[in-house]
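Read-outs: derived from the displayed coordinates by stated rules, not from any lab. Remember, it's a predicted structure, so these values are computed and weren't measured experimentally. Every residue, glycine among them, receives a Cβ derived from its backbone with ideal geometry; neighbour counts consider all protein chains shown.
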Amino acid sequence: MDPMDLLRVLNEGDTSLPAVDKSQVYRWLKGQLPQTPMQARIAGALEIVDVETGLPDPNGLFRHPDIDWFARKLQQSSREDVERLKQIVELTLPRTGTRN
């Protein structure tokens, strides 16, 4: 999603919320952290939701998108499939770090 698409989506819907302007979006993209209520609004616009509650998850803005993708897939899987996938991951991904 490009900045102008994000701006459009953020300003759709609930008119009781203050409008988001273009300068805010560009400041966020340059690293200025939005206030907490706006983080929830951005998460909702980007469809970043908590896998358990289905509500916008501002913390998801700070995670790699693949983490949420995996979480959704695992949520939809049987316990047996999850255990099998854990074994596959253990076998295929190299270990990193040090052992104590």
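Computed from the Cβ-Cβ distance with R0 of 30 Å, the FRET efficiency linking L46 to R95 stands at 0.35. Note on the chain: Cα convex hull, mean projected area over all directions, 9.6 nm².
Determine the sum of side-chain charges near A43: Lys and Arg each +1, Asp and Glu each -1, restricted to other residues whose C-beta is under 10 angstrom from that of A43. Working shown, then result.
On the way: positive: R41; negative: E47, D50, D57.
With Lys, Arg at +1 and Asp, Glu at -1, the net is -2.
DSSP loop trypsin sites (Lys or Arg not before Pro) in region 1-72 with at most 13 other Cβ atoms within 10 Å of their Cβ, which ones? Don't skip to the end; give the middle numbers.
Details: sites: R8, K22, R27, K30, R41, R63, R72; in loops: K30, R63.
Those satisfying the criteria are K30, R63.
Between Q75, Q39, Q87, the GNM of the chain built on Cα springs shorter than 10 angstrom shows Q87 fluctuating the most. For region 1-97, the set of GluC sites (Glu not before Pro) satisfying both a DSSP loop assignment and a count of at most 15 other C-beta atoms within 10 Å is given as E12, E47, E52.
Full extension of the segment from M1 to R63, taken as 0.36 nm per residue of separation minus the current Cα-Cα distance, would add 20.6 nm.
Placing unit charges on each Cβ (+1 for Lys and Arg, -1 for Asp and Glu) gives the chain a dipole about its Cα centre, and among F62, M1, Q76 the Cα reaching farthest toward its positive end belongs to F62. When the label point is put 7 Å from the Cα of E12 along its Cα-to-beta-carbon vector, which residues of region 51-74 have a backbone N closer than 20 Å? What the label zone holds, given the 20 Å backbone N cut-off, is 54-58, 61. Each stretch of four or more DSSP H residues adds -39500 (n - 2.57); spread over every residue of the chain, this sum gives -15000 deg cm²/dmol at 222 nm. When the chain is treated as a Gaussian network with alpha carbon springs shorter than 10 Å, the biggest mean-square fluctuation among D57, D68, D21 belongs to D21.
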